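Each remark here refers to the structure printed beneath this line.
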Amino acid sequence: MQSPRSDRVLATLALTLLGSGCLLVLWPFLTSLVWAAILASTSWTVFLRLDRLVGQRRTLAASLMTLLVTVVLLVPVVAVALAMADNVAELGVAATSLLKNGLPDAPSWLANLPLVGHSLEAYWQQFAHDGQRLMEELGKLAQPAQTMALTAGRVVGKGVLDIALSVFLAFFFFLHGELLAARLHIALAHLAGERATYLLGIARGTVTGVIYGVLGTALAQGVLAAIGFAIAGVPGAVLLGGATFFLSVIPVGPPLVWGGAAIWLFQQGEPGWAAFVAAWGFFLVSAVDNVIKPLIISRGSRLPFAIVFLGVLGGVLAFGVIGAFLGPTFLAVGYRLANEWTTTEPGAVRETP
């Protein structure tokens, strides 16, 4: 007859194997599951209002909310895709003209750059008005560019599939949200005791603040930048707006885009439009990052820039496109909980200066 200790060891081993098996099965969908949970959590207030409007019919409310999330996520993607198709055509025409006629003469300010100015000007002038030589030089970059494009395409495709699956899974989070929240609260109570509710509130507030702050700021900057570029007649306005969206996490990212567009307009003999783009970028696009983003994120937590920056870059490397939002969310929650667990007074969170 086996001893009680042996029974416990066997039971623990069986549960470990079962948990490992479940994790192995769910691993390919883990990113979508987490993103679906975040979507449901950050929009739960809206879902409850919708549920009351339809007379507490939970299945109908969950279906309508899932449809709403789908529209919110898909409509911008489709609109950007259609606009980008037109932009790619415009850029293709411009590239054909460039390859035929070569680069224009180097701008006068290029030679004035310290240390590298004369070298850059000499290199530029090799391809001025010489399309054949420019094509030969670009041919050396064809293979690396093709590899990079294929890799980027796979990442984007995986991101689209993850988002589509997460929207589908969000329906079940809306449908069974209270039960899942209760189970999570019980699990945390076993780990953290009486402070489980407080810690869960910190995690939810941090997730909401980071998602609204990072995603909302990036979207606002991208849209504002695209509008400004379109008004000024900059080719590829939507593509440049998309670049602003993805570079918004870097403090100097958006200025690189609208600053480059302003310089291009100036070189084209449009100083008025160049000044307009520079003013639009400084007072509107960058103002969103400097004013709105800290305000939104601070409602959930005051986060060091390194947390958001490393979260975005590491998230993309780990999870693909969707990791731009998962990465900073994970690090932000970990940062807040680490602060909470290392404080001496319950409820008092120490913020790193």
- Message: Looking at the range 35-49, can you tell me whether even one residue there is in a helix (DSSP H, G or I) and over 25 Å from G209 (Cα atoms)?
- Response: no
- Item | Tally, over the range 106-128, of residues that are at pLDDT below 70 and of a type in the set (D, E, K, R) | 0
- Task: Among the residues of the range 157-171, write down those that are within 19 Å of R58 (Cα to Cα) and loosely packed, with under 15 Cβ neighbours inside 10 Å.
- Result: F168
- Message: Give me the residue from the range 1-53 that is of a type in the set (G, A, S) and surrounded by 11 or more Cβ atoms within 10 Å (Cβ to Cβ) and, out of that set, farthest from M65 (Cα to Cα).
- Response: S32
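The values are calculated or read from the model by the stated rules, or taken from the named source; none is laboratory data. This is a predicted model, so every value here is computed, not measured. No Cβ is skipped: glycine too gets one built from the backbone with ideal geometry, and neighbour counts run over all protein chains shown.
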